[in-house]
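Okay, structure first, notes after.
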Amino acid sequence: MRIGYLECFAGISGDMLMGALVDAGAPIDLLRRTAASLALGAELQVTRVSRSGIQSTKIDVMVDGRLHEPVQPSGPIEHEHSDHHEHDHKHDHDHSTRHHEHEHGRSLPEIRKLLRHADLTERARDLSLSAFNLLAEAEGRIHGIPAEKVHFHEVGGIDAIVDIACSAAAADALDLDRWYCSPVNVGSGFVNCAHGRFPVPAPATAELLKNLPIYSAHVQMELVTPTGAALLRALECRFEATPVMRTQAIGYGAGTRNPDRFPNVLRVSVGEIAQAPHWNEERVTVLECAVDDLSPQVLAHTAQLALERGALDVMSGPVTMKKGRLGTLLTVLCKPSDADHLQQLIFRETTTLGIRVREENRVVLEREITPVQTDFGVIHIKTGSWQGEDWNAAPEFEDCRRAAAAFDVPLKTVMQAALAAWRTRQVGLDSAGTTLEAGSRS
């Protein structure tokens, strides 16, 4: 599996991502054709720059042959917010149609039309449209209007449209199966947006970064732009531990500024992650309490109710409590989404005054329920498998109990018959598979 890993220790913006992807091997000629196909008069200027000693690729968008120069901030922690990382890209608006559109903002339908007519692959077009849809939804939530009615200001500019379309084309060209990302440094300070002065991150950026791991460190300036945040979302990055991978290419995309002792770059690593066998892992919540003044019958009743209401497992065991009193430790395992109502159940049904709550990982085998025919009727067998190999098999107790009562035979007889029938079935399946494999080679 080919993957890309983004390290956002200096944030992310559209031009930084574009530069990093080109530095990692995406063809610049493809990006230039993409920019030209947008019919906005835009071209790309590519330079090699140093950011705290790190050689990086810097890509600027030129319109009608002019480079948009960033406006310097008015103070050490305040600057004009824009699409490009550390760019202001404020233009001297004349009476031309293009400048007029940028000044008043483009609507989502207008931008969709531009992208649909551009020379993009289907995957790159979908990624571009997804990024702008996410931006529109974020702006719509902030201003209380439908996404279709949003008029973009900063992110409706030519540079932002080019950044998103070209980043999408570059990501598609690298042909990666999955994207991973580090926690994102958002910076600090204040920015001046189209709607006023706000602390970093700007409102649309903050909306797009909801539920993602972010932090603020090192410098007082905006490190994540709405364009960069939207692209992170559109790429469906996984924010997990650094994956074990064989890195084949590394790219650095430069931001505009070059702060002292702070590499203002986005790093992308491209490589392969081995499809090594791994356990299925899931997050569970553990609810636990100890009681010494409750009837075992009530505890059994509580355990049964918990299982009926979504608990994954319920356990109890003897414990010695303070002053040498013997008690029972009740442990309930559940999905995090079920924790609240199961806590209420434990408080209501037991005498405990407190519950310990923690989240843990658990690894599980692949589970399957298979019906088998026995002399005592159909019995379901629960199996646990790993990589297609069955490691555990057990007959469903309630099936066996009912069959034993119906046929007036010992419970263990039904259980043994069910397992024997399941093993016979498995041998038949294995034989059929071997025959099929041999036939396919003839």
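Between ILE145 and LEU411, what is 0.36 nm times their sequence separation minus the Cα-Cα distance? Round to one decimal in nm.
89.3 nm
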Inset, instruction - Have a look at VAL268, VAL414, VAL150 and tell me which one the Gaussian network model of the chain (Cα, springs below 10 Å) gives the largest fluctuation. - result: VAL414
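P(r) tail for the range 293-357, what percent of Cα pairs lie past 14 Å?
Values: 1179 of 2080 pairs.
Looking at the range 293-357, the distances longer than 14 Å represent 57 percent of pairs.
Taking the Cα centre of the chain as the origin, how large is its charge dipole in debye, to the nearest 20, when only Lys and Arg (+1) and Asp and Glu (-1) carry charge on their Cβ atoms?
On the way: 44 positive and 59 negative charges, 186 e Å.
It works out to roughly 900 debye.
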Inset, instruction - Quick one: Debye curve from the alpha-carbon atoms of the range 187-246 only, equal weights, vacuum; give me log10 I(q)/I(0) at q = 0.19, 0.22, 0.24 Å⁻¹ to two decimals. - result: -0.75, -0.93, -1.04
Legend entry - Neighbour cut-off at most 12 other Cβ (10 Å), DSSP loop, trypsin sites (Lys or Arg not before Pro), the range 249-301: ARG261
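Would you mind calculating the relative contact order of the range 284-362 from Cα pairs under 8 angstrom and at least 6 residues apart, reporting the percent as a whole number? Numbers along the way, then the final one.
Values: 131 pairs, mean separation 38.0, N = 79.
Reported relative contact order: 48 percent.
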Inset, instruction - Return the sequence-ordered ³J(HN,Hα) values of the range 392-405 in whole Hz as given by the Karplus equation 6.51 cos²θ - 1.76 cosθ + 1.60 applied to θ = phi - 60°, using x for Gly and Pro. - result: 9, 8, 8, x, 5, 4, 5, 4, 5, 4, 5, 5, 4, 5
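As a check on your grasp of the helix formula, calculate [θ] at 222 nm for the chain: sum -39500 (n - 2.57) over DSSP H runs of n ≥ 4, divide by the residue count, round to the nearest 500. Before the final figure, lay out the partial values.
Numbers: 12 runs with 157 residues, N = 442.
Helix-only estimate at 222 nm: -11500 deg cm²/dmol.
List the relative contact order of the chain as a percent without decimals, with contacts defined as Cα pairs under 8 Å and 6+ residues apart.
Working: 889 pairs, mean separation 80.5, N = 442.
Reported relative contact order: 18 percent.
Tell me which trypsin sites (Lys or Arg not before Pro) from the range 314-409 have a DSSP coil assignment and no more than 13 other beta carbons within 10 Å of their own. The partial results should precede the final answer.
Working: sites: LYS322, LYS323, ARG325, ARG348, ARG356, ARG358, ARG362, ARG367, LYS382, ARG401, ARG402; in loops: ARG325.
Those that pass, being in a loop and sparsely packed, are ARG325.
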Legend entry - Tilt relative to the chain, helix 158-174 - C-alpha long axis, 0 to 90 degrees, to 10: 50 degrees
Legend entry - Choice from SER269, SER182, SER337 with maximal GNM fluctuation in the chain (Cα, 10 Å cutoff): SER337
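Among PHE376, PHE397, PHE262, what's the order by accessible area (1.4 angstrom probe), most exposed first?
Values: PHE376 40, PHE397 100, PHE262 15 Å².
Accessible-area ranking of PHE376, PHE397, PHE262, largest first: PHE397, PHE376, PHE262.
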Legend entry - Virtual spin-label span in nm between THR247 and TRP386, 7 Å along Cα→Cβ: 3.1 nm
Inset, instruction - Note the angle between two axes, namely the Cα long axis of helix 296-308 and the longest principal axis of the Cα atoms of the chain, as a number of degrees from 0 to 90, rounded to the nearest 10. - result: 50 degrees
Legend entry - Backbone HN-Hα couplings from phi across the range 43-59 [Karplus 6.51/-1.76/1.60, Hz, Gly and Pro as x]: 9, 9, 10, 10, 9, 9, 10, 9, 10, 6, x, 9, 6, 9, 9, 10, 10
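Considering only DSSP states other than H, G, I, E and B, which GluC sites (Glu not before Pro) in the range 196-259 qualify as loop sites with at most 15 other Cβ atoms within 10 Å? Please report the intermediate quantities before stating the final value.
Details: sites: GLU207, GLU222, GLU236, GLU240; in loops: GLU236, GLU240.
Those that pass, being in a loop and sparsely packed, are GLU236, GLU240.
Number of Lys pairs in the chain with C-alpha atoms less than 24 angstrom apart, excluding same-chain neighbours closer than eight positions? Walk me through the numbers on the way to the answer.
Details: LYS58/LYS90; LYS90/LYS149; LYS113/LYS149; LYS149/LYS210; LYS210/LYS335; LYS335/LYS382; LYS382/LYS412.
Lysine pair count for the chain: 7.
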Legend entry - Cβ charges +1 (Lys, Arg) and -1 (Asp, Glu), total dipole of the range 294-364, debye: 380 debye
Inset, instruction - Note down the accessible area of ASP64, probe 1.4 Å, to the nearest 10 Å². - result: 100 Å²
Inset, instruction - Rank LEU212, LEU115, LEU333 by mean-square fluctuation in a GNM of the chain with C-alpha springs under 10 angstrom and give only the top-ranked residue. - result: LEU333
Inset, instruction - Note the angle between two axes, namely the Cα long axis of helix 28-37 and the longest principal axis of the Cα atoms of the chain, as a number of degrees from 0 to 90, rounded to the nearest 10. - result: 70 degrees
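The values are calculated or read from the model by the stated rules, or taken from the named source; none is laboratory data. Not measured: the values here are computed from a predicted model. As a convention, Cβ positions derive from the backbone with ideal geometry for all residues, glycine included, and neighbour counts pool all protein chains shown. All accessible areas refer to the heavy atoms of the entire protein, side chains included, with ligands and DNA or RNA removed. Shrake-Rupley method; radii C 1.70, N 1.55, O 1.52, S 1.80 Å.
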